[in-house]
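One structure below.
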Amino acid sequence: MGRKEPREPRLAARLLEPGPVVLVTTQYRAHPNVMTAAWVMPLSLEPTRIGLAVHPSRLTHELLSKGEYFALNILTLEHLLAIHLCGTLSGRDVDKFTRAQLHPVDALEVDVPVLEEAVAHIECGVIARLSLGDHDLFVGEVIAAAADTELFGERWLQLEEEPLVHHVGAEWYAALARVSRARLPGEEEEEAQEESER
């Protein structure tokens, strides 16, 4: 392991890379938009709530502030160029769905599109907005979710074949392709005992 050196505090967010990049879909009246977001996090299990940080200059911020819903679309590495494009271009200047060759379809419950290409999506209703500095945190309550059954059970399954995309800074991304299970001493024996009692 190398030597640790001090870094600028603003780089701390990159040290805490929280999870897969999502494409956020929003809509107000007849104006849909899609934006790449990496600053997304679970906030509560009961009720199920998710936080999404968005800069006020973004069209997505405007649509979230005016609309009631948003969806988080999870895509795999196969769609890296579309993911990067949706985080680089503005929906004020270009139809990102067309430019990124993404296909919006009806959501299960909310009035925003979800992406046909997504291996999973989460539909949320906006319940709060907090100004926390240069980004605002939108809190969404989960209304519906769907996931590809071959890729997701109660966890992500086939990540080697269909890796999720993680943003590690600027135009750099990483793919999580190996999943490891951590077990404390004795847990394997307990699981075997429980299995034999069934």
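The values are calculated or read from the model by the stated rules, or taken from the named source; none is laboratory data. Everything numeric here is computed off the predicted structure, so don't read it as measured data. We place every Cβ from the backbone using ideal geometry, glycine too, and count neighbours over all the protein chains shown.
Could you list, in sequence order, all residues of the stretch 126-140 that are in a strand (DSSP E or B), surrounded by fewer than 17 Cβ atoms within 10 Å (Cβ to Cβ) and touching a residue at least 24 places away in the same chain (Cβ under 8 Å)? Result: Ile127, Arg129.
Restricting the stretch 25-67 to residues that are among the basic types (Lys, Arg) and over 17 Å from Asp134 (Cβ atoms) leaves a set whose member that is surrounded by the fewest Cβ atoms within 10 Å (Cβ to Cβ) is Arg29. If you check Glu150, Glu191 for being at pLDDT below 85 and either surrounded by fewer than 13 Cβ atoms within 10 Å (Cβ to Cβ) or not in a helix (DSSP H, G or I) (or both), only one passes: Glu191. Please verify whether the stretch 70-77 includes one or more residues that are touching an Asp or Glu at 6+ places or on another chain (Cβ under 8 Å), farther than 20 Å from Ala144 by Cβ and surrounded by fewer than 19 Cβ atoms within 10 Å (Cβ to Cβ). Scanning the stretch 70-77 turns up at least one residue that is touching an Asp or Glu at 6+ places or on another chain (Cβ under 8 Å), farther than 20 Å from Ala144 by Cβ and surrounded by fewer than 19 Cβ atoms within 10 Å (Cβ to Cβ). In the set (1) farther than 22 Å from Ser90 by Cα; (2) of a type in the set (A, V, I, L, M); (3) in contact with a Cys (Cβ under 9 Å, 6 or more places away or on another chain), Leu23 fails one condition alone, (1). Which numbered condition trips up Leu45, out of (1) at pLDDT below 95; (2) among the hydrophobic types (A, V, I, L, M, F, W, C); (3) touching a Lys or Arg at 6+ places or on another chain (Cβ under 8 Å)? Failed condition: (3).
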